[in-house]
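**Student:** First, the structure itself, so that you have it in front of you.
Values quoted throughout were computed directly from the atomic coordinates according to the rules given, and no laboratory measurement underlies them. Just so you know, these numbers come straight off a predicted model, no measurement behind them. Using ideal geometry, Cβ is built from the backbone for each residue, glycine included, and neighbour counts are taken over all protein chains shown.
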Amino acid sequence: MTRMLEFPVALEAAGVNVRVLDTWDLIDPAGYVYREPDGNPAGHMHHHTATTSYVPNTTKANGYAGLSKHGSARLYQENYGDSIPVYTIANAYPAPVSSGAGDYSVLERVRQGVEVVGRQGTDTPHYYGNTHYWNTEWILDGIGSPIDKEVWEMMLVVCSVQNDLMIWTPNMHIAHGHHTRRKVDVWGGQFSDTNRDGFTKTVEALREQMGEGMWINDWTDKSWMTWFDDTTIEGVVGNGRYYCSNDGTYNFVPPWGEGPVDNNGVCMDGLADTAAKKNAINYVFQGFALVLDQS
């Protein structure tokens, strides 16, 4: 099972207009699953449709980003009035057609969080990225038109939520043009006026603007479990990586980030959304401040 099954709820909690297709949570009849050791995608590959409108389907991608006009299922590049940015999830598991053939060394770098920029090597024989990446099609003409501002801002949130859910860094996001020399997507015209480097400049801007986030590559993620489980702060009981519980010493108003528990009452690590994590750490710091204030 993949953690991407949790993605729609996480996106909704972050305020994204998210839709799912009817069979989004089912494995394709051909049996496509992520071939990474943990059963999840290694990173997120960004494409453009090369058309100004498109109807999301389960064949071409995991997700689609565009503008819905008057609530239509078809997504558009341009805002024709009464349009809202929408992220449609077609497949939680790999789509039958998406990444295609590419350079395997790119996947190795994505796994390690190493930034990929510019053109890479030729396609590696017998290697296909479909079952290793989450693939999003941006509804974009592919000839250098700028990405709609609302769609861009939505995708910054989509990527940040995904980073938080998967414990990824921005470097886990690449363009189709990084994966294979055959492609120039995803190309937003506001970042470059040529398709020679449009794909890499677009994704570089995406990485920079989505930011690292509180929970990636910093002390809150690297040392949180050890500190939280071993803390002796009065009123705080360590109970899993992102969570804490109230022993009754202080009358804090819930929710304070308590995590979901299994049948044995043990906290299930890593299943809280960003808001719950922030509540948890704020609760601990609040308790710590009260202890200091009373000492």
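**Student:** Cβ-Cβ below 6 Å, separation at least six or inter-chain, first residue in region 12-25 and in contact (Cβ under 8 Å) with a residue 12 or more places away in the chain, second among the hydroxyl-bearing types (Ser, Thr, Tyr) and part of a strand (DSSP E or B): which pairs?
**Tutor:** From region 12-25, the pairs are Val16/Tyr87; Val18/Tyr87; Arg19/Thr88.
**Student:** What about Glu6, is it under 18 Å from the mean Cα position of the chain (by Cα) and more than 30 Å from Gly71 (Cβ to Cβ)?
**Tutor:** It is false that Glu6 is under 18 Å from the mean Cα position of the chain (by Cα) and more than 30 Å from Gly71 (Cβ to Cβ).
**Student:** Can we say Thr23 is part of a loop (DSSP other than H, G, I, E, B) and buried (at least 16 other Cβ atoms within 10 Å of the Cβ)?
**Tutor:** Answer is no for this residue.
**Student:** Before we move on, is Glu36 over 12 Å from the mean Cα position of the chain (by Cα), over 15 Å from Val158 (Cα atoms) and of a type in the set (Asp, Glu)?
**Tutor:** Taking the combined requirement at face value, the residue satisfies it.
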